[in-house]
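Below: one structure, written as structure tokens.
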Amino acid sequence: MKTPPRGEPGAGNRVEESATHNESLTGPVEDYLKAIYSLGRGTVSVATNDIAQRLALAPASVSGMVRRLADQGLLSYERYHGVTLTESGRRAALRTLRRHRVIEAYLSGALAYPWDKVHDEAERLEHAASDELIDRMAEAIGEPVVDPHGAPIPSREGLMDETEYLPLAELGAGCGARVVRVSDDDPEMLRYIGELGIIPGSEVVVISKSPYDGPITLRVAGTLLSIGPALAERLMVEPLTSEAPAH
């Protein structure tokens, strides 16, 4: 079953308005803060090697940047224990996430961009767009609460739904679930699962799971299909049955 949101019940954690200090952060700094937040939700310590892998950078480069961000008060770093965001760093990370995800939603909803192309466009635009522009874009498409891939969008007021969901791969045979979110960093994968109809909001039933990392057979909209466990790990779902997931 899904884990309750961290922080205040219901809507998630409240984050203050962006400080003037955060307005001057460079694109690379925002990328670091966003990556750290995504890896640890701002509360779990994140290893520098994991940050390096997420950003496709050398570990030595990441270590140097981490020390600089710690000096700026944006994160806390203890050698051998990893990195956590400070409150200031968390605010900046969520502000960047809001820009990214609103841009994705706008490109998809207003400009009919395919969902496999919006991520890369948003990566290019997120550092240049002002908060005012982002707010106007969100208003123009009806204040969406999730992006095209199902990821929650932080609100203007800094509210973030941090509910955690299960990977489809953890469901046992016979379990039904609703797809909530899909990984957005692989355009080819998005095109593939889009063709299969496994998109946020769709309901699936696990028919069978082959042993030794074999294929998983699903029923989606009345159609039987098979996917690999690696792909199933990147599909986050909300179970629709009371059965416990199979580990």
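The values are calculated or read from the model by the stated rules, or taken from the named source; none is laboratory data. Note that the structure is predicted; figures quoted are calculated from it, not measured. Neighbour counts run over all protein chains shown; Cβ positions are idealised from the backbone, glycine included.
Kindly indicate whether any position in region 209-224 is closer than 19 Å to D116 by Cβ and at pLDDT 95 or above. Yes - at least one qualifying residue is present in region 209-224. Checking the conditions here, which among E170, E188, E132 is surrounded by fewer than 14 Cβ atoms within 10 Å (Cβ to Cβ), in contact (Cβ under 8 Å) with a residue 60 or more places away in the chain and either assigned by TED's automatic domain parsing to the domain that holds P28 or under 29 Å from A56 (Cα atoms) (or both)? Criteria check complete, one pass: E188. Could we say that S202 is modelled with pLDDT of 95 or more, within 19 Å of W115 (Cα to Cα) and outside the structural domain of A151 (by TED's automatic domain parsing) here? Taking the combined requirement at face value, the residue satisfies it. G222: within 23 Å of the chain's Cα centre (by Cα) and on the phi > 0 side of the Ramachandran plot, yes or no? So G222 does not fit the description; no. The C-beta contact set for region 108-127 (first residue part of a helix (DSSP H, G or I), second residue modelled with pLDDT under 95 and crowded, with 19+ Cβ neighbours inside 10 Å, distance under 7 angstrom, 6+ apart or interchain) comprises H119/D184. Is at least one residue of region 87-99 more than 25 Å from P28 (Cα to Cα), small (G, A, S) and not in a strand (DSSP E or B)? For region 87-99, residues more than 25 Å from P28 (Cα to Cα), small (G, A, S) and not in a strand (DSSP E or B): absent.
Of all residues in region 16-34 being modelled with pLDDT under 95 and of a type in the set (A, V, I, L, M), which is farthest from R90 (Cα to Cα)? Here the residue is L25. Scanning region 156-208 for residues that are within 19 Å of S226 (Cβ to Cβ) and part of a strand (DSSP E or B) yields a total of 11.
Identify, please: which residue in region 62-86 is out of contact with any Ser or Thr (no Cβ under 9 Å at 6 or more places or on another chain) and part of a helix (DSSP H, G or I) and is, among those, surrounded by the most Cβ atoms within 10 Å (Cβ to Cβ)?
L69
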